[in-house]
Amino acid sequence: MGGLTRVDSATMARWLEGSAVAMREQRDYLTQLDAAIGDADHGTNMDRGFASVVTKLEELDDSTPPGKLLVAAGSTLVSTVGGASGPLWGTALRRAGRSIGDGESFDGAALATALEAALDGVVKLGAARPGDKTMVDALEPAVRALRERVDGGASAADALVAAREAAEDGMHATVPLQASKGRASYLGERSIGHQDPGATSTVFILRALEQAVRERP
Ligand code: ADP
Ligand code: MG
């Protein structure tokens, strides 16, 4: 039964650590994508930010609740990443953490609510809508799929598979779009034909979440 899935601090730590591993592995790829339509720093930004998050996690007490862990991770991203992605993902994680609150664990429905809060934070800060060729093009359909599956009774793990798939579709769909937010928008029509770097890192982050929840001990 899906409703019995609980997500705790250990799961959230595995998510953030898995994201850090992915950002390290994908750093050059993400930077190449950003070289085409930005300033070639997205991979280094995300790698630096998530490496700092892992350092921050090591400083935190083992009893830190999952919501507080995400708030701390978000604040770390804001303070260590200079590019647009730092404040955007930082706000996302802080908003998700605040939504989760101080409980020791939470269920799939609370996870969906947390990611809705994360998306809301990104949209409030960056004012991007789906179709603007940003991370919102991956995050928004993922959050929608997560909510639909969880409400339909799926486990958090299964719902996250659908969420990650929706993010991948959204990421691929950024290729033919013309950017209207962020640095890529300065290129106008020349931004067409390239995959958005932030939508791409979003897929890796959601994949890490999917794996962290599936691999619950
Ligand atoms: P910068 O653009 O400052 O160099 P990064 O290269 O780290 O920052 O991140 C670029 C990514 O940030 C883009 O690919 C896009 O997905 C995302 N992004 C940029 N501006 C916005 C925005 N206003 N709203 C949502 N996402 C944005
Ligand atoms: Mg950049």
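Taking only C-alpha pairs under 8 Å that are 6+ residues apart, what is the relative contact order of the range 98-217 in percent?
Worked out over the range 98-217, it gives 26 percent.
Apply the Karplus curve 6.51 cos²θ - 1.76 cosθ + 1.60, θ = phi - 60°, to the phi angles in the range 190-196 and return the couplings in whole Hz, x for Gly and Pro.
Listing the rounded values in order: 6, 7, 5, x, 10, 7, 5 Hz.
Restricting to Cα pairs below 8 Å that are 6+ residues apart, what does the relative contact order work out to for the chain? Please round to a whole percent.
Relative CO of the chain lands at 25 percent.
What ranking of 15, 89 emerges when the number of other C-beta atoms within 10 Å of each C-beta is taken as an exposure proxy, fewest first? Intermediate values should be presented prior to the final figure.
Numbers: 15 24, 89 30.
Least crowded to most crowded, the residues run 15, 89.
Pulled fully out, how much extra length does the chain show between residue 175 and residue 28, if you take 0.36 nm times their separation in residues and subtract their Cα-Cα distance?
Working it through step by step, the gained length comes to 51.0 nm.
Roughly how tilted is helix 42-59, in degrees to the nearest 10 and between 0 and 90, from the longest Cα axis of the chain?
20
Can you compute 3J(HN,Hα) from phi for each residue in the range 94-99, using the Karplus curve 6.51 cos²θ - 1.76 cosθ + 1.60 with θ = phi - 60°, rounded to whole Hz and x for Gly and Pro?
Once rounded to whole Hz, the list reads 5, 5, 4, x, 5, 5.
Could you tell me how many degrees, from 0 to 90 and to the nearest 10, lie between the Cα long axis of helix 9-25 and the main elongation axis, the longest principal axis, of the Cα atoms of the chain?
Roughly 30 degrees between the two axes.
Please name whichever of 184, 167, 43 sits farthest to the positive end of the charge dipole of the chain, dipole taken about the Cα centre and charges placed at Cβ: Lys and Arg +1, Asp and Glu -1.
184
All of the numbers you see were taken from the coordinates with simple rules; none came from a lab. A quick note: this is a predicted structure, and the numbers were derived from the prediction, not measured. Glycine gets a Cβ as well: all are built from the backbone with ideal geometry, and neighbour counts include every protein chain shown.
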